[in-house]
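Below is one structure; the comments refer to it alone.
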Amino acid sequence: MSVGSTNGLAAPGFAGRGRRGGGRVTPRPLRDPHSALAAFRGGNFCPLFLALLQPMGSERLEMRKRQMPGAPETAGSMPAQPGPGTRGSNACCFCWCCCCSCSCLTVRNQEEQRPRRASQELRQEDLPTSEESPSPTLEEVNAWAQSFDKVMLTPAGRNAFREFLRTEFSEENMLFWMACEELKKEANKSIIEEKARIIYEDYISILSPKEVSLDSRVREVINRNMVEPTQHIFDDAQLQIYTLMHRDSYPRFMNSALYKDLLQSLSEKSVEA
């Protein structure tokens, strides 16, 4: 039996034409696959051939049209206009193509970014990054050598000490201490909660690159109190970091070139005056 024929008939979609008597059948394609399906539906053929001849469903046709750029839309495939209480045609919760142009995903992303944007603005505007202060006087710089408290008492002292900490890659200690001072000044509960969360993410979380060094006891207390934070939630941690700067960084600051150069510069200006 010839490969191109089945029981004297051509394969689905083709009509046989050729010599009889077992000769080779030359297939002639039919122009309309639906007529071929109707002609061979009663025959004993593989279901796969019949399935391939079936026309695509309306959903698959609609999906194919959406994938083709610039394809003209017919009257039956025109999207329905949204009513007053319905969403647009793209506002779906089950976007089959998972494209980022889906309006439901866009709205969801906007809602997620809104509190994040607000917290970023709060971090940039309210939390201290630097303090404005006049240049320190010679008396102030000499007083810094008396105690660490006098360094931290004035903005000029804090700025000079912070500049030194930056050279030792431990500036986060001063930033954390200053953020805690700002938190204590707040009275609004929602602002306190937001600032406490920002301070926790920036300086307490083990995932933060600016994490400060705290013992486990202080961390456990903070973690419990973060459920309902107050303006004094970081008091123990602030005292621990203050003590660390006093014992560890302050002696090196007094012997640093930064402090000695500042003292010498002010002394020379005082002599000239």
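The values are calculated or read from the model by the stated rules, or taken from the named source; none is laboratory data. What you see is a predicted model, and the numbers here were worked out from it, not measured in a lab. Please note: Cβ atoms are built from the backbone with ideal geometry, for glycine as well, and neighbour counts cover all protein chains shown. Accessible surface is based on the protein model in full, side chains and every heavy atom, while ligands, DNA and RNA are left aside. Shrake-Rupley method; radii C 1.70, N 1.55, O 1.52, S 1.80 Å.
Here is how the numbers come out for the structure above:
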{"quantity": "Shape category assigned to the range 139-189 from the gyration tensor of Cα positions, a/c cut at 1.5", "calculated": "oblate"}
{"quantity": "Eligible lysines near Lys150 by straight Cα distance, threshold 24 Å, same-chain separation 8 or greater", "calculated": "Lys184, Lys185, Lys260, Lys269"}
{"quantity": "Net +/- balance of residues flanking His246 in space, Cβ distance below 14 Å, scoring K and R +1, D and E -1", "calculated": "+2"}
{"quantity": "Segment Ser265-Glu182, length gained on full extension (0.36 nm per residue, minus Cα span)", "calculated": "26.6 nm"}
{"quantity": "Per residue, in Å², the accessible surface of the range 143-218 once ligands and nucleic acids are set aside, probe 1.4 Å", "calculated": "49"}
{"quantity": "Rounded, prolate or oblate (a/c below 1.5 giving rounded, otherwise prolate when a/b exceeds b/c) for the range 192-246 by Cα gyration tensor", "calculated": "prolate"}
{"quantity": "Cβ-based charge dipole, the range 205-273, positive-most Cα from Asn223, Ala237, Ser213", "calculated": "Ser213"}
{"quantity": "Within the accessible area of the range 201-266 (1.4 Å probe), percent carbon and sulfur", "calculated": "53"}
{"quantity": "19 Å Cα-Cα reach of Lys210 towards lysines, excluding residues that sit fewer than 8 places from it in its own chain", "calculated": "Lys195"}
